[in-house]
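Peer 1: Pasting in a structure now, in structure tokens, and then I'll have a few things to ask.
Coordinate-derived values only; no laboratory data. Computed from a predicted structure; not experimentally measured. Because the Cβ atoms are built from the backbone with ideal geometry, glycine has one as well, and the counts that use them run over all protein chains shown.
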Amino acid sequence: GAVVSQHPSWVICKSGTSVKIECRSLDFQATTMFWYRQFPKQSLMLMATSNEGSKATYEQGVEKDKFLINHASLTLSTLTVTSAHPEDSSFYICSARDPRTDGNEQFFGPGTRLTVL
Amino acid sequence: AQTVTQSQPEMSVQEAETVTLSCTYDTSENNYYLFWYKQPPSRQMILVIRQEAYKQQNATENRFSVNFQKAAKSFSLKISDSQLGDTAMYFCAFRGSNSGYALNFGKGTSLLVTP
């Protein structure tokens, strides 16, 4: 299957700083990528849909000014957590839709663990 | 909005036995996709099996099969000949035709395969 990478795999930052997480589709072009958040022992919650060349679509309750998403190319989407606080500590997972696949399958990155001190 | 319900938070099965994980969903759509994903301790999401709602035949992938009951809005996963490597969280997911390809996940079932 297709490969999606995320960087960094884990990050620790101080409260009030900003953190950028990258999501890359390595062997296909992804016009659509998704960002999910997963708290310990919980499910994945969709935060936003990232569309190449246009503004992201945020789910209800997700602050778009706090979680900035940029999808500047067909292989890269970034999530920036601005002015991070301890409650933003979580596991962030991206996925990318591969239009070549039957059913437009989503392939997931390995996730990024964010800890805000 | 669609909801996905997994009523079994934890399950356990002995190696080589068969286990069935349940999933129900609620939707008013007629065309949609259903998925089972596996999340092992590494936390990498892995697609186990996929079912298109318009297909009546149940999907199968080696030891994994589903029982898709469209009228009942039920989508259970059967794992045959369970292996230790099947130990993981299993998430049922729904993708509607109007969702922009986004997935709506259930809360998950933690499966433990014991020797």
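Peer 1: For chain A, modelled as a Gaussian network with Cα springs under 10 Å, which listed residue fluctuates most, A:Glu105, A:Glu52, A:Glu87?
Peer 2: Evaluated over chain A, the most mobile residue of the options is A:Glu87.
Peer 1: Residue by residue through B:97-108, how many Cβ atoms from other chains fall within 10 Å of the Cβ on average? Spell out each step's value before the answer.
Peer 2: On the way: counts 0, 0, 2, 6, 11, 11, 7, 4, 7, 2, 3, 5.
Partner Cβ neighbours, averaged per residue: 5.
Peer 1: Under 17 Å between C-alpha atoms is the cut-off here; go through chain B and count lysine pairs that meet it, provided they're at least eight residues apart or on different chains. It would help to have the intermediate numbers written out before the result.
Peer 2: On the way: B:Lys38/B:Lys78; B:Lys38/B:Lys107; B:Lys55/B:Lys70; B:Lys55/B:Lys73; B:Lys70/B:Lys78; B:Lys73/B:Lys107.
Taking the Cα cut-off of 17 Å, the pair count is 6.
Peer 1: Related question: Name the most mobile residue of A:Thr80, A:Thr32, A:Thr17, meaning the one with the largest mean-square fluctuation, in a Gaussian network model of chain A with Cα contacts below 10 Å.
Peer 2: With Cα springs under 10 Å in chain A, the top fluctuation among A:Thr80, A:Thr32, A:Thr17 is at A:Thr17.
Peer 1: Starting from the stretch B:1-100, pick out the GluC sites (Glu not before Pro) whose DSSP state is loop and whose Cβ has at most 13 other Cβ atoms within 10 Å. Don't jump to the answer; show the numbers that get you there.
Peer 2: On the way: sites: B:Glu10, B:Glu15, B:Glu17, B:Glu29, B:Glu52, B:Glu61; in loops: B:Glu15, B:Glu17, B:Glu29.
Taking the stretch B:1-100 and a limit of 13 other Cβ atoms within 10 Å, the loop GluC sites (Glu not before Pro) found are B:Glu15, B:Glu17, B:Glu29.
Peer 1: Just checking the output field for B:17-24: average partner chain Cβ neighbours within 10 Å of each residue's Cβ?
Peer 2: Numbers: counts 0, 0, 0, 0, 0, 0, 0, 0.
Mean partner-chain Cβ count within 10 Å for B:17-24: 0.
Peer 1: Something else about it: What order do you get for B:Leu84, A:Leu46 when you list them from fewest to most C-beta neighbours inside 10 Å? Write out the running numbers ahead of the final one.
Peer 2: Values: B:Leu84 10, A:Leu46 19.
With the sparsest Cβ surroundings first, the list reads B:Leu84, A:Leu46.
Peer 1: Right, here's the next one. Let me know the Rg and Dmax you get for chain B when you use only its Cα atoms, in Å.
Peer 2: So, for chain B, Rg and Dmax equal 13.6, 44 Å respectively.
Peer 1: Per-residue HN-Hα couplings for the stretch A:22-36, Karplus 6.51 cos²θ - 1.76 cosθ + 1.60 at θ = phi - 60°, whole Hz, x for Gly and Pro?
Peer 2: 9, 10, 10, 8, 7, 10, 7, 9, 10, 6, 10, 10, 10, 10, 10
Peer 1: Given DSSP loops and a limit of at most 14 other Cβ atoms within 10 Å, what is the longest stretch of chain B that contains no such trypsin sites (Lys or Arg not before Pro)? Working shown, then result.
Peer 2: Working: sites that count: B:Lys55, B:Arg63.
In short, B:1-54.
Peer 1: Report the FRET efficiency, 1/(1 + (r/R0)^6), for A:Thr115 and B:Ser110, where r is their Cβ-Cβ distance and R0 is 35 Å, rounded to 0.05.
Peer 2: Efficiency, from the Cβ-Cβ distance: 0.90.
Peer 1: Based on Cβ point charges of +1 for Lys and Arg and -1 for Asp and Glu, what charge dipole magnitude is obtained for chain A about its Cα centre, in debye rounded to the nearest 20? Display every interim value, and only then the final one.
Peer 2: Working: 11 positive and 11 negative charges, 54 e Å.
Its charge dipole is roughly 260 debye.
Peer 1: In Å and whole numbers, how far do the C-alpha atoms of the stretch A:1-87 stretch along each principal axis, longest first?
Peer 2: Computed over the Cα atoms, the extents are 35, 25, 24 Å.
Peer 1: Below 27 Å, Cα to Cα, which lysines can A:Lys14 reach? Residues fewer than 8 away in the same chain don't count.
Peer 2: Within the straight-line cut-off, A:Lys14 pairs with A:Lys41, A:Lys64, A:Lys66.
Peer 1: Which whole-number percent is the relative contact order of chain B (Cα, under 8 Å, 6+ apart)? Write out the running numbers ahead of the final one.
Peer 2: Working: 282 pairs, mean separation 43.0, N = 115.
That works out to 37 percent.
Peer 1: Let me ask something else about it. How large is the translational diffusion coefficient of the protein assembly as shown in µm² per second when you combine the Kirkwood radius over alpha carbon pairs with Stokes-Einstein at 20 °C and 1.002 mPa s?
Peer 2: On the way: Rh = 18.3 Å.
Translational D for this selection: 117 µm²/s.
Peer 1: Determine the relative contact order of the stretch A:1-104: mean sequence separation of Cα pairs under 8 Å and six or more apart, normalised by residue count, in whole percent.
Peer 2: 34
Peer 1: To continue, here is another question. Roughly how far apart, in whole Å, are the Cα centres of the stretch A:48-71 and the stretch B:22-86?
Peer 2: Each part reduced to its Cα centre gives a spacing of 29 Å.
Peer 1: Now for a separate question. Using the basic label-point model (7 angstrom from Cα toward the beta carbon), what is the B:Ala72 to A:Gln42 distance in nanometres?
Peer 2: About 3.1 nm, to one decimal.
Peer 1: Let me ask another. If R₀ is 25 angstrom, what is the calculated FRET efficiency for the pair B:Ser7 and B:Phe64, using the beta carbon separation as r and rounding to 0.05? Please report the intermediate quantities before stating the final value.
Peer 2: Details: r = 20 Å, r/R0 = 0.78.
Here the calculated transfer efficiency is 0.80.
Peer 1: Over all residues in A:99-105, what is the mean tally of Cβ atoms on other chains that come within 10 Å of each residue's Cβ? Don't jump to the answer; show the numbers that get you there.
Peer 2: Details: counts 1, 0, 1, 2, 7, 3, 5.
Counting Cβ atoms of other protein chains within 10 Å of each residue's Cβ and averaging gives 3.
Peer 1: Gaussian network model of chain A, Cα springs within a sub-10 Å range: biggest mean-square fluctuation belongs to which of A:Pro40, A:Pro99, A:Pro86?
Peer 2: Among A:Pro40, A:Pro99, A:Pro86, the largest mean-square fluctuation in the Gaussian network model of chain A belongs to A:Pro40.
Peer 1: Where in the stretch A:1-45 does the amide nitrogen come within less than 13 Å of the point 7 Å from the Cα of A:Ser73, taken along Cα to Cβ?
Peer 2: Counting only backbone N, you get A:23-30.
Peer 1: Just name one of B:Pro40, A:Leu46, A:Leu117: the one whose Cα is farthest towards the positive end of the charge dipole of the protein assembly as shown (beta-carbon charges, Lys/Arg +1, Asp/Glu -1).
Peer 2: In the protein assembly as shown, that residue is A:Leu117.
Peer 1: Taking Cβ-Cβ under 4.7 Å as the only way to count a partner, pick out the unpartnered cysteines of the protein assembly as shown.
Peer 2: Here A:Cys13 come out as lacking a disulfide-compatible partner, given the Cβ-Cβ threshold of under 4.7 Å.
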